[in-house]
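J.: Mind looking over this structure? Questions follow.
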Amino acid sequence: MDLKEKLVSSFLAFENTIDVDHPVHDIRSEAIKTFEDKGFPGRKEEAWKYTSLKQLQKTNFSIFPKEAEALEYRDVKKYFLHEIDTYKIVFIDGIYSSYLSETTHDGVDICLLSAALTKPMYKPVVDVYFNKSAAKDDSLTSLNTAFSKEGAYIYIPKHKAPIKPVEILHFSSGSESAIMLQPRNLIIVEENAELQVIERHQSLTENEVLTNSVTEIFAGANAIIDYYKVQNDMPGASLIDNTYIDQKGKSHVSVHTFAFGGKLTRNNLNFYQNGEYVDSTLKGVTILDEKQHVDHHTLVHHRQPNSESHQDYKGIFNDRATGVFNGKIIVDEIAQKTNAFQQNNNVLISDRATVNSKPQLEIFADDVKCSHGCTIGQLDREALFYLQTRGIPEKEAAALLMYAFANNVLESVRIPELKKRINKLIAGKLEVRLGFDL
Amino acid sequence: MAYTEEELKKELETKEYEYGFYTDIESDTFPKGLDENIVRAISKKKEEPEWMTEWRLESFRIWKKMEEPEWANINYKKPEFQDISYYSAPNKKPKYESLDEVDPELLDTFKRLGIPIEEQKKLAGVAVDIVMDSVSVATTFKKTLAERGIIFCSMAEAIREHPELVKKYIGSVVPQKDNFYAALNSAVFSDGSFCYIPKGVRCPMELSTYFRINQAGTGQFERTLVIADEGSYVSYLEGCTAPSRDENQLHAAVVELIALDDAEIKYSTVQNWFPGNKEGKGGVFNFVTKRGICEKNAKISWTQVETGSAITWKYPSCILKGDNSIGEFYSIAVTNNYQQADTGTKMIHLGKNTRSTIISKGISAGRSQNSYRGLVQVHSRASNARNFSQCDSLLMGNQCGAHTFPYIEVKNKTAQIEHEATTSKIGEDQIFYCNQRGIDTEKAIALIVNGFSKEVLNKLPMEFAVEAQKLLEISLEGSVG
């Protein structure tokens, strides 16, 4: 039985575990129909031209994990940003771990989607926001919607800001030989409120994991959201991350994606600007080796005038790694005075690495400034030589140049400890030790 | 201004009367529809040898199995392929007796483009004197070409006279099964041009279909084959700036360029077919497959100015097969009213040290949609490949759209690829500055557009460039203010 059939047929079993009279159930039933019609996207579809899910569909993933074994904090401490205090929402094999988590209801809600979906007190909010910005016609998003049950729920009311950043961690313990996870996050930040989120998916063994995650983020007027995605997973782990961001007037949302590993990673990052004077920032650093594959698929839809968007994606590819960048900017007819910028720079350091880049502009308004740039090249020989003449070994010199190359993206990380951590990850990825932090 | 259906009907009726299409012409037209018999009949009509007939039939069988592509960013009503007559002999009889009968609007455009009166007659389909200047010019040219061993003739003639060359190269760059329209063209192509430049010969003049006076009216399925043998050079011009009103709605041409070692081909196109009226009715569908292959140290350069056709769908491409070969693409695409253009290029880097340059300028006005779609592909063996792409769009008015779909696929670490694209409009300050210097707004826009397109216009042969510049002005007239 292939994965699609398995998923469709297990939807019935899934229904036994949830409340079928709940209004969300209609959304789920609708969504499974969409998935049944469309199935997994194939490479003939333009959006999936460079990323094949064929291999994954052959794997026999377990869809309903059994109760996971508890993890000791000291074993997984290194995956947390333990240098600072944070709120934590932790899942092990898709199941909430209260032992490792730290949630709150003090002025803001930082808790679980399962609670939000079932408890009456959250109903007014869930009715307004749940599945409202996620694409209804996308098959993988629909698949997630159909099985949506658990994930993070964050609600920041007007004029509030949580006292510390929120970490969302998804561990897979390896108790099953292959597991499929479908976390669903709902994040609402109202007018003048603020939020910082760090999200990480981490497999603890070499066993296969397929995560099909959907995150919906709603930014109210003047809201500020910083979202950091850290992707440094094991070679057996694949991630399809679908993020939908709805922005109201004057809100600032930035998403930083650090893609350093995993077997296959696909980031579908969608920004919808539904207000004026909105600022959207999409940044990413990708450093890959071996046979890793990362596909960044971004969309910024400018629907209102006077807004800005900034995209900056850097990629370094070694061994037989494949990098894909597909960035799309749409400027509607009404969205005059839009400034939209997109930049994608890549360095290939191996003969067998591949980069496919497709920066795309679709512009219907005339009074706009839009540009995109894309480069693919290699390290500057002269710069390398210069550093070597100053006594820096070639490997370190190359790493230094790559650091500098990626640094633009790191500059805007606003949590210093996280920045340090990312720097360490980059150094580790480049296999060098530098005696300083950048 | 909204047309009522009545008025439109009337207009269409009068139009037909006005130009007298299909009337009063001794026609030699096949019945509508397409099957193997029609393909055979076309081949027979052209007195083609057996292998050519077989080749056409094979293409037809391939075509039958193919589906019409839908991926382009254009909207149109698909042509009904069984409702087209696939063969119509060029009519020798002139449409008009004198210039007075020709549409005054057309004449006005001719005048503004600076086309000599005799040529105007020719272009509008007016009967011309046998001793017209350009005819004698053409004859002299043909003599000069023959002296150097250059073959420049119609495709039909080439199939008869030089079968070994045609057999060797036809379909070698654009195979029959390449795409839907290429397969269709391979099956039913009416005629076209054939050009062969022998080893080491530098063609002394710009070859142009313009001068092939007696071979006009090659029909809607044109097939062009240009072969530049080792170390030769040729510059080929296609189309002309004059607006051409064509009765065929669907045009599916195939152009194949072959540049052998050290050869250079420069292929320039100016296309100004009927774009439909201001309400977007009518107009030509231009679905063209153009591709060239470069052997060692060879160079192919495509330059195009696209202002006509209701729908343009073409991607002149270069396969950089040989080491050190060079591909270039310079394009200006202007769309106005309801025109749609999806155009760009493909640069396939296979050989070492190959270089390519892409400069594309899109100008959209009215309610038109203008897309750039390009592919730069560097294969794993293509060390030191270099590409520079630049695609700029200029939007005039807020009802048009500009789209960019660049694909960049690199499998070699020594490749250096740069791509940049911008979209902007003509700045109010720029226009204000011109106004202040006594240049009216319409002129100012022409000036700015010409500046915007300069990099491409510069690549056109001199006399063409001047006309193209004027053409840009005329195409964009009335789109601002």
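The values are calculated or read from the model by the stated rules, or taken from the named source; none is laboratory data. For clarity, every value in this text was computed on a predicted model and none was experimentally measured. As a convention, Cβ positions derive from the backbone with ideal geometry for all residues, glycine included, and neighbour counts pool all protein chains shown.
J.: What number goes with the only condition from (1) touching a Phe, Trp or Tyr at 6+ places or on another chain (Cβ under 7 Å); (2) of a type in the set (Lys, Arg); (3) farther than 28 Å from B:GLN340 by Cβ that B:LYS413 does not pass?
T.: The failed condition is (1).
J.: Now a separate question. When you go through B:THR404, B:THR414 one by one, which is the residue that is part of a loop (DSSP other than H, G, I, E, B) and within 10 Å of chain A (Cβ to nearest Cβ)?
T.: B:THR414
J.: B:ALA263 passes all but one of (1) within 20 Å of B:ASN370 (Cβ to Cβ); (2) in contact (Cβ under 8 Å) with a residue 40 or more places away in the chain; (3) of a type in the set (A, V, I, L, M, F, W, C); (4) out of contact with any Leu (no Cβ under 6 Å at 6 or more places or on another chain); which number fails?
T.: Every listed condition holds for B:ALA263 apart from (1).
J.: Another question, then. Which residue, of B:SER331, B:SER368, B:SER364, B:SER356, is facing chain A (nearest Cβ under 10 Å) and among the polar types (S, T, N, Q)?
T.: Going through B:SER331, B:SER368, B:SER364, B:SER356 in turn, just one is facing chain A (nearest Cβ under 10 Å) and among the polar types (S, T, N, Q): B:SER364.
J.: Just for the range A:378-413: of the residues that are touching a Leu at 6+ places or on another chain (Cβ under 8 Å) and within 13 Å of chain B (Cβ to nearest Cβ), which one is nearest to A:VAL300 (Cα to Cα)?
T.: For the range A:378-413, the residue satisfying everything is A:GLN378.
J.: Every residue in the range A:310-344 that is surrounded by 24 or more Cβ atoms within 10 Å (Cβ to Cβ) and either polar (S, T, N, Q) or touching a helix residue (DSSP H, G or I) at 6+ places or on another chain (Cβ under 7 Å) (or both), please.
T.: A:GLN311, A:ILE316, A:THR338, A:GLN342, A:ASN344, listed by residue number.
J.: Follow-up. Scanning the range B:424-442 for residues that are in contact (Cβ under 8 Å) with a residue 12 or more places away in the chain, within 14 Å of chain A (Cβ to nearest Cβ) and in a helix (DSSP H, G or I), which turns out nearest to A:SER371 (Cα to Cα)? Working first, answer last.
T.: First, pick out the residues of the range B:424-442 that are in contact (Cβ under 8 Å) with a residue 12 or more places away in the chain: B:424-426, B:430-431, B:434, B:441-442.
Checking the rest, the ones that are also within 14 Å of chain A (Cβ to nearest Cβ) come to B:424-426, B:430-431.
Restricting the remaining residues to those that are in a helix (DSSP H, G or I) gives B:430-431.
Numbers: B:GLN430: 20, B:ILE431: 22 Å.
Ranking the candidates gives B:GLN430 first.
J.: Here's another thing I want to ask about it. Please state which of the following conditions B:ALA421 fails to meet, knowing it meets all the rest: (1) in contact with a Cys (Cβ under 8 Å, 6 or more places away or on another chain); (2) assigned to a helix (DSSP H, G or I); (3) among the aliphatic types (A, V, I, L, M).
T.: Evaluating B:ALA421 over (1) in contact with a Cys (Cβ under 8 Å, 6 or more places away or on another chain); (2) assigned to a helix (DSSP H, G or I); (3) among the aliphatic types (A, V, I, L, M) leaves (2) as the failure.
J.: Further, regarding this structure: With a cut-off of at least 2 residues that are in contact with a Leu (Cβ under 8 Å, 6 or more places away or on another chain) and not aromatic (Phe, Trp, Tyr), name the strands (runs of 3 or more DSSP E) lying wholly within the range B:277-341.
T.: Correct list: B:285-294, B:299-306, B:317-320, B:326-335.
J.: Taking only the range B:181-210 into account, find how many residues are surrounded by 17 or more Cβ atoms within 10 Å (Cβ to Cβ) and not in a loop (DSSP other than H, G, I, E, B).
T.: 18
J.: Residues of the range A:325-377 being more than 8 Å from chain B (Cβ to nearest Cβ), assigned to a loop (DSSP other than H, G, I, E, B) and among the hydrophobic types (A, V, I, L, M, F, W, C), which ones?
T.: Across the range A:325-377, the qualifying residues are A:ILE334, A:ALA335.
J.: Follow-up question, since we're still on this one. For the range A:21-41, give me the residue count where each residue is in a loop (DSSP other than H, G, I, E, B) and surrounded by 12 or more Cβ atoms within 10 Å (Cβ to Cβ).
T.: If we filter the range A:21-41 for residues that are in a loop (DSSP other than H, G, I, E, B), which is where we start, we get A:21-22, A:39-41.
Those left that are additionally surrounded by 12 or more Cβ atoms within 10 Å (Cβ to Cβ): A:22, A:39-41.
Qualifying residue count, the range A:21-41: 4.
J.: Could you count how many residues in the range B:451-470 are over 22 Å from B:ILE431 (Cβ atoms), out of contact with any Lys or Arg (no Cβ under 8 Å at 6 or more places or on another chain) and not small (Gly, Ala, Ser)?
T.: Residues meeting the conditions: 9.
J.: Does A:ASN356 meet the test of being under 30 Å from A:TYR277 (Cβ atoms) and modelled with pLDDT of 90 or more?
T.: No: the conditions fail for A:ASN356.
J.: Within the range B:402-421, does at least one residue satisfy the condition of being closer than 18 Å to B:ILE474 by Cα and more than 25 Å from the chain's Cα centre (by Cα)?
T.: First, pick out the residues of the range B:402-421 that are closer than 18 Å to B:ILE474 by Cα: none.
No, the range B:402-421 contains no residue that is closer than 18 Å to B:ILE474 by Cα and more than 25 Å from the chain's Cα centre (by Cα).
J.: What number goes with the only condition from (1) closer than 24 Å to B:GLN340 by Cβ; (2) more than 9 Å from chain A (Cβ to nearest Cβ); (3) surrounded by 17 or more Cβ atoms within 10 Å (Cβ to Cβ) that B:LEU395 does not pass?
T.: It fails just one condition, (2).
J.: Do we have A:SER254 as in the same structural domain as A:GLN202 (by TED's automatic domain parsing), in a strand (DSSP E or B) and farther than 25 Å from A:LEU430 by Cα here?
T.: yes
J.: Another question, then. I need a count of the residues in the range B:163-180 that are farther than 20 Å from B:GLU68 by Cα, assigned to a helix (DSSP H, G or I) and touching an Asp or Glu at 6+ places or on another chain (Cβ under 9 Å).
T.: 1
J.: Out of all the residues in the range B:382-389, is one or more more than 9 Å from every other protein chain (Cβ to nearest Cβ) and not in a loop (DSSP other than H, G, I, E, B)?
T.: The answer is yes, given that some residue of the range B:382-389 is more than 9 Å from every other protein chain (Cβ to nearest Cβ) and not in a loop (DSSP other than H, G, I, E, B).
J.: I would also like to ask the following. Scanning the range B:60-74 for residues that are more than 14 Å from chain A (Cβ to nearest Cβ) and surrounded by 11 or more Cβ atoms within 10 Å (Cβ to Cβ), which turns out modelled with the lowest pLDDT?
T.: Top of the filtered list is B:GLU68.
J.: Could you tell me whether any residue of the range A:299-318 is closer than 20 Å to A:VAL409 by Cα, facing chain B (nearest Cβ under 10 Å) and hydrophobic (A, V, I, L, M, F, W, C)?
T.: yes
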